[in-house]
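Everything below concerns the one structure shown next.
The values are calculated or read from the model by the stated rules, or taken from the named source; none is laboratory data. This is a predicted model, so every value here is computed, not measured. No Cβ is skipped: glycine too gets one built from the backbone with ideal geometry, and neighbour counts run over all protein chains shown. Ligands, DNA and RNA are stripped out before the accessible areas are found, and what is left, the full protein with its side chains, is counted by its heavy atoms. Shrake-Rupley method; radii C 1.70, N 1.55, O 1.52, S 1.80 Å.
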Amino acid sequence: MRHTKFSQLAQIYLELEQIMSGNLMRKILSEFLKTIPKNEINIISYMTLGRIASKYSEVNIGMAEKMVLRSIADAAKKHMGVIEKEFMKKGDVGLVAEQNVRHGRKTLSAKEVFETLHKIANVSGAGSQEKKICLLSKLFANASPLEAKYLARIVVGQLRLGAGEKTLLDSMAIAFTGSKKAKKTIEHAYNVCPDIGVIAKTVVKSGLAGVGKIDVLPGRPVQMMLAQRVEKITDITKKIRGDIAAEEKYDGERVQAHSQNGKITLFSRRLENITAQFPDVIAALKKNIRSKTYILEGEVVPVDNKGNLLPFQILMARKRKHEIEKYASKVPVHFYIFDILLANGSSFLRQQYPKRRKMLEKITKECPPIFLSRRTVSKNIDDIESFFDDVLQRGCEGIVAKSCAADSYYTPGTRGWLWIKWKREYQKELADTFDLVIVGAFAGRGKRSGSYGALLCAVYNPDTEKFETLCKLGSGFSDEQLAELPKKFPAIKQQPSNVSVAKNMTPDIWVAPEQVIEVLGAEITKSQLHTAGSGLALRFPRFVRYRHDKSPEQATTPKEILKIMKARSYK
Ligand code: ATP
């Protein structure tokens, strides 16, 4: 049987890395996808995104840079000291591998590389480090310099070709369906099933019709539905016609609970498996949900021993590997359930919200720590406003107004008008918060010397899959937080290809675009210094908090900034 050579992949990666145009990337990738054997499309897709499994999978290669350098040294028969020195200079394991690995004798196939990386991920127990190093060095010994460069980067999770998920999904649409409509269908399917391998296999095997049929599956997380915002609470009625269900908006951690024949898994907003953190919630779900196979969604909120809601930050104490049971009683939580995606084995994605709520009420026995979100349903905005005032008294941060219309489906990964959030802060003028990704830092001077003086913050543009800068952020940090910035945001050697920065805003230190923070901003202006939405900037930004629950692709978008800017100029 014909296999894709790993050298073919490396060649494509080299081309992708050198071009900036998204359209050209799509063209190259789609042409390439057409040439590979159908049964390898899934592994090629994972590897092109720099992974060996879906983004929610817990498969972890488990090799830090140092171990990869050891494998390179072994394969190249060089001293570790020499290799380490080169790494200090270059700061990129890929370049070090390329420089030192000689052409091997054997031709590596993509499948063989993929399978060996899985083997490495599966090694555990005593002597596992040595075994991993040995397996990888065998691959290096047979790799060409170019293959070695990309192999090393995949292993440390730094492939960063500039072609992300969207580019790959679009390329699949172009390669295998040839229709424009396909992009939307494929994107939607990826929100329902965020496993690029499954999507790729379905596209090649059953075409668009097959992709359209992809539905929720217990145990496989679904990208969560998001809410829009309005400028005035009364605008809600412009967007939602008929009944409005205003639900309490809880400020905690969003959790998707999956039960597969009674086996429960919890996923975070980033699709991480957080089952181990909440044994109390799991036990309560087992007791109080009358269904064996379901997917529920809700917010986990910390409470005091009288059941009063506490601030979100307190939940951080539950993010731990040890003494979990002790902290479950030390930091108690409530789980407020507000949606259902699957019940008794049937998908509820295409059921309107009132029907989903009815099902929730039917299968849930409310009993601490499990509750359904409290709500009121009315066509009248005055009722909604007075409910909003009430919920603030209870310690909620606002409401989520939900459409009850015939098309009020659960729309995965989409920020649409079926849900509208209205928060306490929106009432104060100029108090929007933005979720921004750190892409760089500026060295501190005076009191801040030795630490960072400011961080360079960016929005995420999903159309180009690039991070575009919006502001330089230096205020709002405590002294303690300031001191730990360099540790929290370590320097990388080069500007990543998916970060776009204006010439006059080049930071002293580049930071991998991986972490999200919430920033309060006073004013949005036009500025040539920043690249967000081709030249928007946020003035007087202040740090509010870290948003570990958000992935960089879930940061604020330039479109949202433009919308806020437009709305403000009418005030
Ligand atoms: P976003 O989720 O819109 O990207 P965000 O994470 O900053 O932004 P908010 O702006 O505070 O969150 O509002 C949306 C979030 O509110 C949801 O993702 C969910 O976690 C939370 N939430 C709390 N209560 C509810 C509810 N009753 N219905 C829907 N979402 C709720």
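Some points to look at:
- Answer residue from segment 241-256, given it is among the acidic types (D, E) and surrounded by fewer than 23 Cβ atoms within 10 Å (Cβ to Cβ) and is nearest to the ligand (Cβ to nearest atom) among those: D251
- Residue match in segment 312-324 (condition: at pLDDT 95 or above and of a type outside the set (F, W, Y)): no
- The number of residues in segment 497-539 being within 16 Å of the ligand (Cβ to nearest atom), open to solvent by 20 Å² or more (accessible area, probe 1.4 Å) and in a strand (DSSP E or B) comes to 1.
- Residue in segment 219-238 that is assigned to a loop (DSSP other than H, G, I, E, B), at pLDDT 95 or above, away from the ligand (no atom under 16 Å from the Cβ) and open to solvent by 10 Å² or more (accessible area, probe 1.4 Å) present: yes
- So E299, is it in a strand (DSSP E or B), within 12 Å of the ligand (Cβ to nearest atom) and out of contact with any Ser or Thr (no Cβ under 7 Å at 6 or more places or on another chain): yes
- Within segment 17-39, the set of residues being polar (S, T, N, Q) and open to solvent by 60 Å² or more (accessible area, probe 1.4 Å) comprises Q18, N23, T35, N39.
- Set side by side, the residues L310, L315 differ, and just one is more than 14 Å from the ligand (Cβ to nearest atom), within 27 Å of R229 (Cα to Cα) and open to solvent by less than 60 Å² (accessible area, probe 1.4 Å), which is L310.
- Of all residues in segment 338-369, those satisfying the criterion of being closer than 30 Å to A317 by Cα, within 16 Å of the ligand (Cβ to nearest atom) and in contact (Cβ under 8 Å) with a residue 60 or more places away in the chain are F338, D339, L341, L360, T364, E366, P369.
- Taken residue by residue, segment 202-211 has at least one member that is of a type in the set (S, T, Y) and either part of a helix (DSSP H, G or I) or assigned by TED's automatic domain parsing to the domain that holds S346 (or both).
- In segment 162-173 there is no residue that is open to solvent by 30 Å² or more (accessible area, probe 1.4 Å) and over 21 Å from the mean Cα position of the chain (by Cα).
- D280 being touching a helix residue (DSSP H, G or I) at 6+ places or on another chain (Cβ under 8 Å), at negative phi, within 16 Å of the ligand (Cβ to nearest atom) and open to solvent by 10 Å² or more (accessible area, probe 1.4 Å): no
- Only one entry of S124, S137, S109 meets the criterion of being at negative phi, of a type in the set (S, T, N, Q), touching a strand residue (DSSP E or B) at 6+ places or on another chain (Cβ under 7 Å) and open to solvent by 10 Å² or more (accessible area, probe 1.4 Å), and that entry is S109.
- Counting the residues of segment 332-353 that are surrounded by fewer than 17 Cβ atoms within 10 Å (Cβ to Cβ) and of a type outside the set (G, A, S) gives 2.
Yes/no per residue for (1) outside the structural domain of Y336 (by TED's automatic domain parsing); (2) in contact (Cβ under 8 Å) with a residue 60 or more places away in the chain; (3) of a type in the set (V, I, T):
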{"position": "I381", "(1), (2), (3)": "no, yes, yes"}
{"position": "D389", "(1), (2), (3)": "no, no, no"}
{"position": "G398", "(1), (2), (3)": "no, yes, no"}
{"position": "A401", "(1), (2), (3)": "no, yes, no"}
{"position": "G413", "(1), (2), (3)": "no, yes, no"}
{"position": "W419", "(1), (2), (3)": "no, yes, no"}
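- Annotation: of all residues in segment 481-496 being out of contact with any Ser or Thr (no Cβ under 9 Å at 6 or more places or on another chain) and at pLDDT 90 or above, the one that is most open to solvent (accessible area, probe 1.4 Å) is K487.
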